[in-house]
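Step one of this worksheet: look at the structure below.
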Amino acid sequence: MVAANLDQVVVVAALADPPFRPGFVDRVLSQAEHAGIPARLVLNKVDLGEASEAESILKDYAHAGYPGHGLNARSGDGLESVRHACQARRSLLIGHSGVGKSTMLNALIPGADQLAGEVNTKTGRGKHTTTARS
Ligand SMILES: Nc1nc2c(ncn2[C@@H]2O[C@H](COP(=O)(O)OP(=O)(O)OP(=O)(O)O)[C@@H](O)[C@H]2O)c(=O)[nH]1
Ligand SMILES: [Mg+2]
């Protein structure tokens, strides 16, 4: 992970579709820690699970020192908190395909014009819709 000019790492995960995988999130957080970059968790697609589930996950990470945000990137619910956390901070967004990174980015920055695609219905995974970076 390249620390140069980076203010924070924003790990984006989904509560469901694709299912939440702590292993991936934890690996990214430990890499950010190792690189000396602050990190936070965005738990997207909170509409696809129980509120208590999302709260329990976010609470665990908060206890470990990582601020978290529950988000529904489609409806915009929770977006203001993410916007505030990313305001004037150069942020690296990282997360599995299909978790909603492009949807979130489009909601934060209208016209960012990232490609947002469907989650593959056969595998339940994303399709690696976005292959560009900026
Ligand atoms: N139900 C629900 N669906 C969402 C939410 N956010 C995004 N989606 C949907 O999830 C699918 C994948 O979203 P993308 O934004 O393309 O995901 P991505 O992380 O950019 O995926 P890649 O570009 O493949 O890495 C799309 O069909 C979105 O509409 C959400 O909060 N709730
Ligand atoms: Mg994308």
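Quick notes on this one:
- Short-range pairs are left out: with C-alpha atoms under 8 Å and at least six residues apart, the relative contact order of the stretch 8-95 is 36 percent.
- Average silhouette area of the stretch 8-95, convex hull of alpha-carbon atoms, in square nanometres: 5.3 nm²
- Counting only DSSP beta bridges with both residues in the stretch 8-95, the antiparallel share comes to about 5 percent.
- Karplus-derived 3J(HN,Hα), 6.51/-1.76/1.60, for each residue of the stretch 15-21, Hz, glycine and proline x: 5, 7, 6, x, x, 5, 10
- For the stretch 71-81, 3J(HN,Hα) computed residue by residue from phi via the Karplus equation (6.51, -1.76, 1.60; θ = phi - 60°) reads 9, 10, 5, 6, 8, x, 5, x, 5, 4, 5 Hz, glycine and proline entered as x.
- Put a plus charge on the Cβ of each Lys and Arg, a minus charge on the Cβ of each Asp and Glu, and nothing anywhere else: the dipole of the stretch 8-95 about its Cα centre is then about 420 debye.
Just so you know, all these numbers are worked out from the coordinates, no wet-lab data involved. These numbers come from a predicted model, not from an experiment. Every residue, glycine among them, receives a Cβ derived from its backbone with ideal geometry; neighbour counts consider all protein chains shown.
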